[in-house]
Amino acid sequence: MPEIRQDYLTKEWVCISALRDERPNSFKKAHLLDENICPFCPENKHMVLPDILKQNQVRVVPNRYPILDCNSPKGYGFHEVVIDTPSHTKQLHQLSCAEICDVFLAIKERVKTFYRDKEIKYVQVFRNHGAPAGASISHSHWQLVALPFLPEKKRIMAQNFESFYRQHGQCYICETLKGLKDLEILRHGRAVAYAPYAALYKDGVNISLSEHVSDFTEMEDSILEELSFALKAGLTGLSAVYPELNYNLIFHSYPQKSWHFYFQIVPRVGSSAGYELATGCTINSVDPLDTAMAVRQGISLKKHMLRNEED
């Protein structure tokens with residue numbers, strides 16, 4: 001069974017889950033009996049656990065190989081998969097804004113449900129696209145992990161959001177979005193895509209809101225629609241920069257007044273080496289100003305993919 005442990009010196013948490021090594025892997029075809037079988041395609045529903053939620057074409061199912069398990073006394077939590085399209089070949093940026101919004105609505109519903117459990121302290125929403133980003137199944141999907149503790153990184157972020165608010169009387173991201181200038185990639189309604197000034201990762205893109213919202217579960221449908229367009233546009237622009245785009249998409253959401261919701265798109269180009277592993281300090285070889293310019297140009301090149309969404 002999964003078990004949660006903590007490193008004594010660094011205070012970092014680790015989830016020990018041997019089940020994760022048993023996952024089918026569509027990027028390593030020898031792991032599958034038939035390379036054409038995908039457990040997330042609708043005709044293979046028998047290969048996954050029963051649906052928890054269905055939002056139009058979006059399905060949410062329990063993960064068969066969970067990081068945490070609600071039946072484990074030492075590794076309590078939840079791990080679910082959000083299958084965002086029945087199509088095996090469509091990727092997230094190829095979905096319509098309405099389809100992406102359906103994904104957001106399903107995620108919102110499940111996260112709200114997790115937080116009703118008094119044992120759950122934090123819910124992480126993320127997406128791995130491509131083998132270099134950690135995906136084991138090529139079919140488009142997201143993952144939700146509900147944790148019985150607040151990870152150290154999130155605790156530090158919450159502390160810094162609160163500290164900035166107390167010192168300046170406003171939110172850190174609200175102030176950041178006012179002074180983006182050349183780092184801004186696009187604005188659509190209240191949604192803003194931008195290259196962060198201190199980008200930790202090469203060609204990383206953040207998406208947030210000009211309106212202060214802390215918690216993803218608090219968002220109105222109209223905000224989710226605007227975020228859907230910004231996400232589609234951001235990924236479309238990055239796919240012009242990297243035709244074989246592998247990436248992680250990470251939600252940063254927490255029910256604290258001074259926190260401001262945003263998510264990161266992290267292209268998986270390059271890898272961490274000894275310096276990063278030893279110090280926890282990353283090296284970014286691309287100026288964020290160049291990232292913003294390249295993604296803006298990529299969106300312009302693929303404007304046809306977004307034109308109908310703007311009508």
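The values are calculated or read from the model by the stated rules, or taken from the named source; none is laboratory data. Nothing here was measured: the structure is a model prediction, and the numbers come from that model. Quick reminder, even Gly has a Cβ in these numbers, built from the backbone with ideal geometry, and neighbours come from all protein chains shown.
Data for the structure
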| quantity | calculated |
| --- | --- |
| Test for Ile137: is it modelled with pLDDT of 95 or more, assigned by TED's automatic domain parsing to the domain that holds Gln57 and assigned to a loop (DSSP other than H, G, I, E, B) | no |
| The stretch 49-74 residues that are under 27 Å from Ala98 (Cβ atoms), paired with ones that are hydroxyl-bearing (Ser, Thr, Tyr) (beta carbon under 8 Å, 6 or more apart) | Gln57/Thr85; Val58/Thr85 |
| Positions within the stretch 39-78 being within 16 Å of Gln143 (Cα to Cα) and in contact with a Cys (Cβ under 9 Å, 6 or more places away or on another chain), in sequence order | Ile67, Leu68, Gly77, Phe78 |
| Residue that is farthest from Gln94 (Cα to Cα), among those in the stretch 283-311 that are loosely packed, with under 15 Cβ neighbours inside 10 Å and hydroxyl-bearing (Ser, Thr, Tyr) | Ser285 |
| Hey, Asn128 polar (S, T, N, Q), buried (at least 18 other Cβ atoms within 10 Å of the Cβ) and touching a residue at least 24 places away in the same chain (Cβ under 8 Å) or not | yes |
| Selection count, the stretch 186-201, where residues are over 24 Å from Val269 (Cα atoms), of a type outside the set (D, E, K, R) and not in a strand (DSSP E or B) | 1 |
| Counted residues, the stretch 219-238 - those being more than 15 Å from the chain's Cα centre (by Cα), within 27 Å of Tyr122 (Cβ to Cβ) and part of a helix (DSSP H, G or I) | 5 |
| Only one of Leu92, Leu150, Leu183, Leu105 that is out of contact with any Leu (no Cβ under 8 Å at 6 or more places or on another chain) and of a type in the set (A, V, I, L, M) | Leu150 |
| Test: residue in the stretch 173-196 that is at pLDDT 95 or above and closer than 30 Å to Glu119 by Cα | yes |
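Residues are listed down the side, and each one gets a yes or a no for (1) in the same structural domain as Tyr262 (by TED's automatic domain parsing); (2) without any contact (Cβ under 8 Å) to a residue 12 or more places away in the chain; (3) outside any loop (DSSP other than H, G, I, E, B); (4) more than 25 Å from Asp7 (Cα to Cα):
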site: Val111; (1), (2), (3), (4): no, no, yes, yes
site: Gln124; (1), (2), (3), (4): no, no, yes, no
site: Pro132; (1), (2), (3), (4): no, no, yes, yes
site: Trp142; (1), (2), (3), (4): no, no, yes, yes
site: Ser163; (1), (2), (3), (4): yes, yes, yes, yes
site: Gln167; (1), (2), (3), (4): yes, yes, yes, yes
site: Cys174; (1), (2), (3), (4): yes, no, yes, yes
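Residue-wise test of (1) buried (at least 21 other Cβ atoms within 10 Å of the Cβ); (2) assigned by TED's automatic domain parsing to the domain that holds Lys112; (3) of a type in the set (Val, Ile, Thr); (4) part of a helix (DSSP H, G or I).
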position	(1), (2), (3), (4)
Asp203	yes, no, no, no
Thr217	no, no, yes, yes
Ala240	no, no, no, yes
Lys257	no, no, no, no
